[in-house]
Amino acid sequence: MKSKIRGRTEQIPVLGQDIKRLVRLAYPSAPIEIKEQLACDCFIDSLNDVDMGWAIFQAKAKSINNAIQVALEYEAFQNDRRKHGTKLVCAVNENNNFDLNREIYLSEQVDDISGRLAKIENNEKNQKTFSCYHCGVSGNFKRECPLLNNRSQRFEVNRTKNLIPRKVADQMSGRGSY
């Protein structure tokens, strides 16, 4: 009884009669009021349409015959709406337009930045000449800069002179006593 579900082409009065028959067979000794209430509940469950079930519940159908009548009226109303092609109008939320415009704007910005980045990368690939950060001459790096190498060689000479003890340095220069 609870597993009975309305088929796509099954008519509502036929479904109602099947539910009545199943309830009579399942509960032969139950009072009529109980059978009517069980049949009505099973009918609503077997419709497989929540909106139609809600319409029957709102109509407060006391018997299966009342439930069948309400279901037929609801189905006729729905079929008439579909036939005339009336559609529900959706309220427009202006925030949705704002979000859409914002998304479009951000998408354009991302495309613009991506294009700029690609252009910069292409320029860097095309420029294979590098310039020294120290002297500005292209073709050598700072670590290979001839100006720095001259200075560093002088520094090393001065450093080695300073590392020699004064007495030995004086002897090398000829100033010391023998």
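So, in the range 25-46, of the ones that are of a type in the set (S, T, N, Q) and part of a helix (DSSP H, G or I), which residue ends up farthest from GLU10 (Cα to Cα)?
The initial filter retains those residues of the range 25-46 that are of a type in the set (S, T, N, Q), namely 29, 37, 46.
Checking the rest, the ones that are also part of a helix (DSSP H, G or I) come to 37, 46.
Working: GLN37: 22, SER46: 11 Å.
Once the filter is applied, the top-ranked residue is GLN37.
Is it the case that LYS20 is of a type in the set (D, E, K, R), in the same structural domain as TYR74 (by TED's automatic domain parsing) and assigned to a helix (DSSP H, G or I)?
On the way: of a type in the set (D, E, K, R): yes; in the same structural domain as TYR74 (by TED's automatic domain parsing): yes; assigned to a helix (DSSP H, G or I): yes.
So LYS20 passes the test.
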Residue list for the range 42-87, filter: at positive phi and either surrounded by 16 or more Cβ atoms within 10 Å (Cβ to Cβ) or touching a residue at least 40 places away in the same chain (Cβ under 8 Å) (or both): ASN48
Residue by residue through the range 47-66, note down the ones that are within 16 Å of GLN11 (Cβ to Cβ), of a type outside the set (A, V, I, L, M, F, W, C) and at pLDDT 85 or above. ASN65
Checked the range 58-72 for anything in contact with a helix residue (DSSP H, G or I) (Cβ under 6 Å, 6 or more places away or on another chain) and either of a type in the set (Lys, Arg) or in a loop (DSSP other than H, G, I, E, B) (or both); matches are ALA59, ALA61, SER63
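The values are calculated or read from the model by the stated rules, or taken from the named source; none is laboratory data. Remember, it's a predicted structure, so these values are computed and weren't measured experimentally. Note that we place each Cβ from the backbone using ideal geometry, even for glycine, and neighbour counts take in every protein chain shown.
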